[in-house]
Amino acid sequence: MAVRNASQGILADDKTEQREQIIEMLTKAYWMEIETVMSYITNSVNPDGIRAREIIESLQQDIQEELGHAQQFAARIKELYGVVPGSLEFNAEQSYLQPPEHQTDITHVVRGVIEAESGAIEHYNRIIEFTDGLDPVTNDMVIAILHDEEGHRRLFEGFLRELAPDETR
Ligand SMILES: [Fe+2]
Ligand SMILES: [Fe+2]
């Protein structure tokens, strides 16, 4: 007996093309989260100095959240009949979150985190726009994740205010 297809919504046969576009966006989001986990582990261990303490603790907490996001993106890819890619398809992009020359350069780390969070916020807004009225489940999931990223970004903007008061509001 053939498996019944959903006749409505994003799982319907006539939505194959849109589904594939969503899967592509979710895959990019998945890799962004994976790379963020790597970068945040690195930058939660390397920094030295008194000022590094708060940053390290925040990043340690964020690692768990970003990992949770990666798992949510992966699960949604499968639900939409996609396949979560293997590690060989990974391409690193976060040049701005590489270890600084001096491990006391905490401002470098904070700027890098803001850059990563801003990139995620931009991409997730695109997914939310695309899935609006098309795929409410992905839409809802990514709105919740966007909320987390906006919180992360705001926290690190606060750190930057203290570290580089001249260049921030
Ligand atoms: Fe995330
Ligand atoms: Fe984040």
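Taking Cα atoms only, the orientation of helix 106-131 departs from the longest principal axis of the chain by about 20 degrees. Summary value for the chain: 24 percent relative contact order, contacts being C-alpha pairs under 8 angstrom separated by 6+ residues. Return the whole-Å distance between the Cα centroid of segment 68-127 and the Cα centroid of segment 131-161. If we compute the Cα centre of each part, the gap is 13 Å. Could you calculate the FRET efficiency of L134 with E57 from 1/(1 + (r/R0)^6), where r is the beta carbon distance between them and R0 is 35 Å, rounded to 0.05? Using R0 = 35 Å, I get an efficiency of 0.35.
For T104, nonlocal amide neighbours, meaning residues 5 or more places apart or on other chains whose placed amide H falls under 5 Å from its own, are D48. A 1.4 Å probe run over segment 70-169, with the rest of the protein chains in place, finds 59 Å² accessible per residue. Axis angle, to the nearest 10 degrees, between helix 52-79 and the longest C-alpha principal axis of the chain: 10 degrees.
Only the Cβ atoms of Lys and Arg (+1) and of Asp and Glu (-1) were treated as charged; on that basis the dipole of the chain about its Cα centre amounts to roughly 300 debye. Only alpha carbons enter this Debye calculation for the chain, each as an equal point scatterer, and the log10 of I(q)/I(0) it gives at q = 0.16, 0.21 Å⁻¹ is -0.91, -1.34. Note on the chain: dipole from Cβ charges, positive end direction compared against I143, L11, I127; the farthest Cα belongs to L11.
Ordering of 109-115, 154-160, 13-19 by packing is 109-115, 154-160, 13-19, highest average first (other Cβ atoms within 10 Å, averaged per residue). Quick check: at a probe of 1.4 Å, how many percent of the accessible area of segment 21-75 sits on carbon and sulfur atoms? Heavy-atom surface of segment 21-75 belonging to carbon and sulfur, 1.4 Å probe: 54 percent.
The values are calculated or read from the model by the stated rules, or taken from the named source; none is laboratory data. Everything numeric here is computed off the predicted structure, so don't read it as measured data. Glycine gets a Cβ as well: all are built from the backbone with ideal geometry, and neighbour counts include every protein chain shown. We work out accessible area using only protein heavy atoms, side chains counted, and drop any ligands, DNA or RNA first. Shrake-Rupley method; radii C 1.70, N 1.55, O 1.52, S 1.80 Å.
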